[in-house]
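Down below is the structure, laid out as structure tokens.
Computed from the coordinates by the stated procedures, all read-outs in this text should not be read as laboratory data. The structure presented is a predicted model; accordingly, all values stated were derived computationally and were not measured. Note that we place each Cβ from the backbone using ideal geometry, even for glycine, and neighbour counts take in every protein chain shown.
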Amino acid sequence: MDVSRAKFLSARSRFLALASITTLAFGFALETARAELLARVPSAREMAVCGDILFVGTKGSSVYAVPLSGGRARQVASGFSAPNGVACSGGRLFVASRNRITAFAISRGGALSGRRDIRRDLPDSGGHSLRYIGIGPDNRLYVSFGSPCNICLPRGLQGTIVSMNQNGSDLRRVAWGVRNSVGFDWRGGVMFFTDNGADRMGDDLPPDELNQLRPGGFYGFPYFGGQIRLRGFEDAPPPARQIPPVFNFQAHVAALGIHFFRSLGGDALVAQHGSWDRSVPVGYQVVRVRFRGNRPVSATSFLRRVGRPVDVKEAPDGSVLVSDDAGGAIHIFRR
């Protein structure tokens, strides 16, 4: 192990130890949350609450179902290439993997049947190929496609968010110039999406982003990260006017899943997966983004001790569900 790697691991260990100590003092005490392990799910990623069943996508090859009333996770579909994204609508489950979008009928107890690929032509996104999927208020599927590398010029549908009908038809690009969005949700009919900032530009640049969707809009990548010019594109003229972020997170926190919570008065929780290339690690927590009207105004720590959180969802009773791909766990926090 080289010296820089050893220093990073040491710093990360100190950070995580401090996080676990400060949680009781500031996290749970302020938010009055109680933590439980709901289920073990290997490499747990995006979640979908479908009635009394929680479906969980993974970085592996399988999708799992977890009873929200309690019980072991059960593998309900397999044979995918990283089925990161899951979403449900009208008695169907949609799974977004690296190379396709697949639909299933949901039966009693979370059993799946009628497997059918509705799209097989997803773009190659290289290292940013873990798809996120959601159902918009227009009942269309929304799917994110990452850019293929750290800072480079995307091609085709790389670096975009698209929408389509639930049968896979009528694909439309709704956002471009997006580096790597692995989380979005709607507030008052308006989509907000996270975007991960570029690496290897120092500890504090560029910021991670929270964006508000303007259909068809250009969000700056690879010319801008936040409103900072990115390395190698400092003098390059962008192809369109950038829509700037509505909120900046700290650089390298790796903001992923976002969900607006009825139980939090319409504020959002955002999973910060955590940094890997920063001298002092940041992230590794869930933050609460407070809104005033339809604008985000602040972000404060909400939950720690959740490993490397990927996604957040609200259970029917208002509890907070958090997936952790490093620990292979689904946590539930009851207020």
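Going by Cα centres, the range 93-151 and the range 159-232 are how many Å apart?
Cα centroid of the range 93-151 versus Cα centroid of the range 159-232: 17 Å apart.
Counting Lys +1, Arg +1, Asp -1, Glu -1, what net charge surrounds residue 255 among other residues with beta carbon under 10 Å of its beta carbon?
-3
Students often check this: by mean Cβ neighbours within 10 Å, which of 104-112, 323-331 ranks highest, and how do the rest follow?
Ranking, from highest mean packing down: 323-331, 104-112.
For the range 3-334, what is the percent of antiparallel DSSP beta bridges, rounded to the nearest 5?
95
Sorted by packing (mean other beta-carbon atoms within 10 Å per residue), highest first, where do 263-270, 125-132, 54-61 land?
Those peptides, ordered most packed to least, come out 54-61, 125-132, 263-270.
Quickly estimate the mean residue ellipticity at 222 nm for the chain, helices only: each DSSP H run with n ≥ 4 gives -39500 (n - 2.57), and the total goes over all residues, rounded to 500.
Helix contribution divided over all residues of the chain: -2000 deg cm²/dmol.
Report the full-extension gain for the segment residue 117 to residue 297: residue separation times 0.36 nm, less the Cα-Cα distance, to one decimal in nm.
So the extension gain works out to 60.7 nm.
May I ask you to list the chymotrypsin sites (Phe, Trp or Tyr not before Pro) in the range 239-285 that are in a DSSP loop and have at most 16 other Cβ atoms within 10 Å of their Cβ?
276
Would you mind estimating how fast the range 81-158 diffuses translationally, via Stokes-Einstein at 20 °C and 1.002 mPa s with the Kirkwood radius over Cα pairs, in µm²/s?
Rounded, D is 162 µm²/s.
Can you list residues whose amide H is under 5 Å from residue 220's amide H, if they're 5+ apart or on another chain and H is modeled 1.01 Å from N?
Residues meeting the criterion, in which the H sits 1.01 Å from N, are 243.
Which of 241, 140, 92 moves the most in a Gaussian network model of the chain with Cα springs under 10 Å?
241
How would you rank 167-175, 192-200, 152-160, 299-307, highest first, on the average number of other Cβ atoms within 10 Å across their residues?
192-200, 299-307, 152-160, 167-175
In percent, what relative contact order does the chain have, based on Cα pairs under 8 Å that are 6 or more apart in sequence?
16
So, in nm, how far is label residue 61 from label residue 75 when the simple model puts each one 7 Å beyond its Cα toward the Cβ?
Going by the 7 Å Cα→Cβ label model, 0.8 nm.
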